[in-house]
1. If I filter region B:155-162 for residues that are more than 18 Å from the chain's Cα centre (by Cα), surrounded by fewer than 22 Cβ atoms within 10 Å (Cβ to Cβ) and assigned by TED's automatic domain parsing to the domain that holds B:S113, do I get at least one hit?
2. Within region B:98-110, how many residues turn out to be in contact (Cβ under 8 Å) with a residue 60 or more places away in the chain and either within 15 Å of the chain's Cα centre (by Cα) or away from chain A (no Cβ under 11 Å) (or both)?
3. Identify the residue in region A:38-57 that is assigned to a helix (DSSP H, G or I) and among the charged types (D, E, K, R) and, among all such residues, is surrounded by the most Cβ atoms within 10 Å (Cβ to Cβ).
4. Please pick out the residue among B:A34, B:A43 that is out of contact with any Lys or Arg (no Cβ under 9 Å at 6 or more places or on another chain), more than 14 Å from chain A (Cβ to nearest Cβ) and in contact (Cβ under 8 Å) with a residue 12 or more places away in the chain.
5. Looking at region B:170-186 only, could you name the residues that are more than 7 Å from chain A (Cβ to nearest Cβ), part of a helix (DSSP H, G or I), more than 26 Å from B:A114 (Cβ to Cβ) and without any contact (Cβ under 8 Å) to a residue 60 or more places away in the chain?
6. With the requirement that a residue be surrounded by fewer than 18 Cβ atoms within 10 Å (Cβ to Cβ) and more than 8 Å from chain A (Cβ to nearest Cβ), what does region B:187-199 give you?
7. Which of the residues spanning region A:96-138 are at pLDDT 90 or above, among the aromatic types (F, W, Y) and over 18 Å from A:V73 (Cβ atoms)?
8. Hey, does region A:138-148 have a residue that's surrounded by fewer than 18 Cβ atoms within 10 Å (Cβ to Cβ) and under 26 Å from A:A24 (Cβ atoms)?
Number of protein chains: 2
Amino acid sequence: MPRTGRRPGGGSGTQEAILDAARAAFSESGYDGATIRGIAGKAGVDPALVHHYYGTKEQLFVAAMELPFDPTVILPALLEPGLDGLGERVVRMLLGVWDSAGDNNPFAALLRSAMTYDRAATMFREFASRAIFATIVEAIDADRPELRTAMVASQMAGIVMTRYLLKLPAMVQATPDELVAGIGPTLQRYLTDPLDLPGG
Amino acid sequence: MPRTGRRPGGGSGTQEAILDAARAAFSESGYDGATIRGIAGKAGVDPALVHHYYGTKEQLFVAAMELPFDPTVILPALLEPGLDGLGERVVRMLLGVWDSAGDNNPFAALLRSAMTYDRAATMFREFASRAIFATIVEAIDADRPELRTAMVASQMAGIVMTRYLLKLPAMVQATPDELVAGIGPTLQRYLTDPLDLPGG
C-alpha cells in the first residue's frame, strides 16, 4: 500500500491531524521529549498509523516541519564516498538544497525561531544532534569529533546566514563553484585534519 | 568640554531625542540613506550638536544601536600588527566581545531582526559594508578581497549563531583558546592564502 494512499480511518484529514499534533508536540516537548505514541494520542489515531504514514520520529519531524531535505537520505549519500572530499560535497549539497528551496523555506523559518525563542532553539538543537550531528561524529576518524562537527555546523550556519538571510552581496554573487572551492577546504580541515588544539 | 557633559540646549533629554531620531532614521532609510542632518532635524537640534555628542554617522549608529563594540576602535587594533595572525586575533576579539556583552546584547537583537525583516537586513548590510567590510577589503593583499571578506563574515556569523544563539553544546563548551586554535586558521586562509577559485 502506498504511504500516501487512503486506508480505513486514514486519509488526508488524518495525515494533517498527525502533522498538526507532531508540530505541537515537537515545539512543546522538544525533539527528544516528543514521542510517536503521544503524537498519535493527540491526533486520535493508532501509533502504527503514524509509523505507516511517516516512518521514524526523525522522518515525521522532517515531514511536519516541511524541511527541504531529509537527513536519513542526504547523510548516507554524502558519507558513502568516504571522508575524502567530504567538505566540498557538504558545501555543494547545502547550496543545492537552499538554492532550490528558496529563501523563505520552512527550514529558514525554523532557524529564525530557533535564534529567538528558547523552546525552538531546544527543538532545533535536539533534532540536529540526533538526526545530523550524531552521524557525522560517528563518521569522523579523529580527536574531538563533537567539537569538529560543531565547527562544521558553525561554518554551514554562517553560509546560510550571510548568503540567504542577511544577503551579503559578495556571498550572494559568488557561484556555487567558488563557494565550494573557497569554503570546502574549511570543512575538510574541521572533519579530518590535525587541529592543534591547546592541550590536545 | 566632555562629550557627555551638558551644554546650552543640550543635556540628556536632547541626547535621548538624538538617539531616538537616529534609530528611526536608520531603520526607515537604512544606514546609507540616513543623514546626520536629517536626524538632527527630526530631533530638533543643530547637526553640529549631533557631531559634538556622537562624532561620525558610524559612531552615532554604534551609540544608537548600543552595539557592544565600536568598529572604529576595534578594526585598527586588529589590523595594526599586520596580516600575520589576524585570523586568530579576530576570533579572540569576537569571543571576548560577545562573552562579556551577554547573549541578549543589542547586537544579537539587531542580527535577529536582520534575519527576519528586509529593512533591518538592509540596514545591517549597509552598516557592515561601510563600517567593517570596507576596512578589511582594503587591508587584504590578495585577489577577490570582497569574497574573502564575506567568507570571513560567514564564519564569524556562524560562530555567533551556533555558540550564542542556537547554543550547540560543543560550541558552548569549547574554550576561547580551543575556538581560536580551531577556527583562527580558517579566517587566516580566507584573508591571506591562495584560494584556488575556479577560473582564478
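1. Taking region B:155-162 first, the residues more than 18 Å from the chain's Cα centre (by Cα) are B:162.
From what is left, the residues that are surrounded by fewer than 22 Cβ atoms within 10 Å (Cβ to Cβ) are none.
No: zero hits.
2. If we filter region B:98-110 for residues that are in contact (Cβ under 8 Å) with a residue 60 or more places away in the chain, which is where we start, we get B:98-99, B:103.
With either within 15 Å of the chain's Cα centre (by Cα) or away from chain A (no Cβ under 11 Å) (or both) added as a condition, the list becomes B:98-99.
Within region B:98-110, residues that are in contact (Cβ under 8 Å) with a residue 60 or more places away in the chain and either within 15 Å of the chain's Cα centre (by Cα) or away from chain A (no Cβ under 11 Å) (or both) number 2.
3. Here is the first cut: in region A:38-57, the residues assigned to a helix (DSSP H, G or I) are A:38-43, A:47-54, A:57.
Within this subset, residues satisfying the condition of being among the charged types (D, E, K, R) are A:42, A:57.
Working: A:K42: 16, A:K57: 22.
Only one residue fits best here, namely A:K57.
4. Numbers: B:A34 fails: out of contact with any Lys or Arg (no Cβ under 9 Å at 6 or more places or on another chain).
Answer to the check: B:A43.
5. Selection gives B:Q173 alone.
6. B:T192, B:D193, B:P194, B:G199
7. Correct list: A:F124 only.
8. Checked region A:138-148: no residue is surrounded by fewer than 18 Cβ atoms within 10 Å (Cβ to Cβ) and under 26 Å from A:A24 (Cβ atoms).
The values are calculated or read from the model by the stated rules, or taken from the named source; none is laboratory data. Quick caveat, the model's predicted, so the values are computed rather than measured. Neighbour counts are summed over all protein chains in view; Cβ atoms, including those assigned to glycine, are modelled from backbone coordinates with ideal geometry.
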